[in-house]
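These notes concern the structure reproduced below.
The values are calculated or read from the model by the stated rules, or taken from the named source; none is laboratory data. This is a predicted model, so every value here is computed, not measured. A quick note on method: Cβ atoms are made from the backbone with ideal geometry, for glycine too, and the neighbour counts reach across all protein chains shown. Quick note on the areas: whole protein, heavy atoms, side chains included, nothing else; ligands and nucleic acids left out. Shrake-Rupley method; radii C 1.70, N 1.55, O 1.52, S 1.80 Å.
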Amino acid sequence: MIDRERTFFAVLLALLMYPNDNLGGAFQPEFVKPLQNLTIPLGRDAVFTCHVEHLGGYRVGWVKADTKAIQAIHDHVITHNPRVSVSHGDHSTWSLRIKGAQKEDEGLYMCQINTDPMKSQTGMLSIEVPPDFIPEETSGDVTVPEGWHVKLKCRATGIPPPQISWRREDQKEIIIREPFHDKSTSSNEKIKVHKVTEWIGEELHLTKIKRDQMGVYHCIASNQVPPSISKRIIVDVHFPPVIHVPNQLVGAPLGTDVVLECIVEASPQSINFWLNNQGVMIISSTRHDVQVVTKAPTKGHHSAHPNFNFKVKMLLTIRNFTKQDVGTYRCTAKNSNGDFESSIRLYDITSAVKQKPISSEVSFSESGSEFEHHHHHHHQQQHMDGELVELDNDSLDETAEIEHAEMGNRPLSLDNTVQGHVGSTQFSTPVTGLKPRGGNRRANGHQHSASRTSTSRSCGAATTLLVGTLPLLLYCR
């Protein structure tokens, strides 16, 4: 009787001290927390943790559910994958670690306890993959003639699928021209133009591309998995040279330095040179300085690519200007797409206006609104308040005659349209506001036909005679 009581108390004490053992199965193992799903970037470590209580003598195993491949049982790794390991803490926390997870490690993992029936829980391992361009489906550098259509494309893989965006390297806006139909009219298809700093989409269409759209375009692929990637695509637009001349007529005093200027736009870069009035190419010397000034690169542009700076300034400096330098100078630009030439007329401004004896007569009517001009073979002159101012034909023999131009106090302006560019004519030394001298003058033994009184009445009409293209403003006080 005493031995039986002792045995009963021993079993009871064992159950109280080891409730999770198999001595009576009073408590079955249970999962405390669910197995968490994991989403990690490619190459990071993945760790599944299984929380168990009352494990007792049971064992924890790990299985890759989709392939039925056993990863580990209790403390022992079964798989041959060297990147897989297991660990535990006080028999209640069991972990499966996959070091540097790869795409093939993705899938459903199971933590199970070998009870009968078996208890298990699962967790999904998802691998995020950063973007990667598909080379055969991504554009390279492009060279096209101006006015053509350009299609740039960028395609990339990644998990999740990456978003493709486009930006210009120089931070300028991207010009998008999209066709559309206006339902209110029966006209042909129209083009809608808008500008964006960023374009979203795998393809970027540059319709009827223009020279100011050339540059570097960045295709950027991003899916929130570091790192984002970018491809640099150069778009080069070719066109024949075009020359804009700010001043087509330049006058300067003798003995001074004269600068002639032409602005050239060309892509690829053109060969630029000057021809003098004899048609001979001008090179830098003690009397001539030939320069080509390139516009500073735009922010973001790489100066290593020369075509981005398609606009240059041609400068010709003529030192110590002499009579022999008078004439027409031509600036010429040539590239593989064509050539262009423009001219500048250079004259001596100091000899254009002189005082000489009277060689013609100018008579005014009483109304002052009409005049009669008797032309002399070698000289032209105008009467202003009893003063005769004479123009020398020797310096104006190649210019055209502009009749009855009423300009007030403004200098003469010519149309400088060259290939769509318009500028105003300027003079190195403008001659305006010539002041008449006091007193009457005689020439060739003849007294001027109009008296000071009649001339004074005629000044109210403010009639100006312009000869050639030199702006001479003659007025009466």
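General observations
- In the stretch 42-67, residue most open to solvent (accessible area, probe 1.4 Å) [restricted to those that are more than 21 Å from Met124 (Cα to Cα) and assigned to a loop (DSSP other than H, G, I, E, B)]: Arg59
- Sub-8 Å Cβ pairs linking a first residue in the stretch 74-87 that is crowded, with 16+ Cβ neighbours inside 10 Å and outside any loop (DSSP other than H, G, I, E, B) to a second residue that is modelled with pLDDT under 95 and charged (D, E, K, R), at least 6 apart or interchain, are Val86/Asp75, ordered by first then second residue.
- Test result for Ser267, open to solvent by 50 Å² or more (accessible area, probe 1.4 Å), polar (S, T, N, Q) and either touching a residue at least 12 places away in the same chain (Cβ under 8 Å) or farther than 30 Å from Val129 by Cβ (or both): no
- Residues of the stretch 228-254 that are open to solvent by 50 Å² or more (accessible area, probe 1.4 Å), under 18 Å from Ser342 (Cβ atoms) and part of a strand (DSSP E or B): Pro240 alone.
- Residue under evaluation Ser165, criteria (1) open to solvent by less than 40 Å² (accessible area, probe 1.4 Å); (2) free of Cβ contacts under 8 Å to residues at least 24 places away in the same chain; (3) polar (S, T, N, Q), criterion not met: (2)
- A single entry from Ile127, Ile70, Ile164 fulfils the requirement of being in a strand (DSSP E or B), hydrophobic (A, V, I, L, M, F, W, C) and in contact with a Cys (Cβ under 6 Å, 6 or more places away or on another chain): Ile164.
- A residue that is acidic (Asp, Glu), more than 30 Å from Asp325 (Cβ to Cβ), surrounded by 15 or more Cβ atoms within 10 Å (Cβ to Cβ) and out of contact with any Ser or Thr (no Cβ under 8 Å at 6 or more places or on another chain) cannot be found anywhere in the stretch 255-262.
- Checked against the criterion of being in contact (Cβ under 8 Å) with a residue 60 or more places away in the chain and acidic (Asp, Glu), the candidates Glu136, Glu128, Glu104 yield just one match: Glu128.
- If the condition is being open to solvent by less than 70 Å² (accessible area, probe 1.4 Å) and over 20 Å from Pro179 (Cα atoms), then the stretch 191-227 contributes Arg211, Met214, Gly215, Val216, Tyr217, His218, Cys219, Ile220, Ala221, Ser222, Asn223, Val225.
- Residues (open to solvent by 20 Å² or more (accessible area, probe 1.4 Å) and over 26 Å from the mean Cα position of the chain (by Cα)) located in the stretch 316-346: Thr317, Arg319, Asn320, Thr322, Lys323, Gln324, Val326, Thr328, Arg330, Glu341, Ser343, Arg345
Conditions (1) closer than 30 Å to Phe239 by Cα; (2) among the β-branched types (Val, Ile, Thr), marked per residue:
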{"site": "Glu137", "(1), (2)": "yes, no"}
{"site": "Asp141", "(1), (2)": "yes, no"}
{"site": "Val144", "(1), (2)": "yes, yes"}
{"site": "Cys154", "(1), (2)": "yes, no"}
{"site": "Ile159", "(1), (2)": "no, yes"}
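- Unique residue being touching a Ser or Thr at 6+ places or on another chain (Cβ under 6 Å) and either of a type outside the set (Lys, Arg) or open to solvent by less than 40 Å² (accessible area, probe 1.4 Å) (or both) when the list is Leu96, Leu125, Leu108: Leu108
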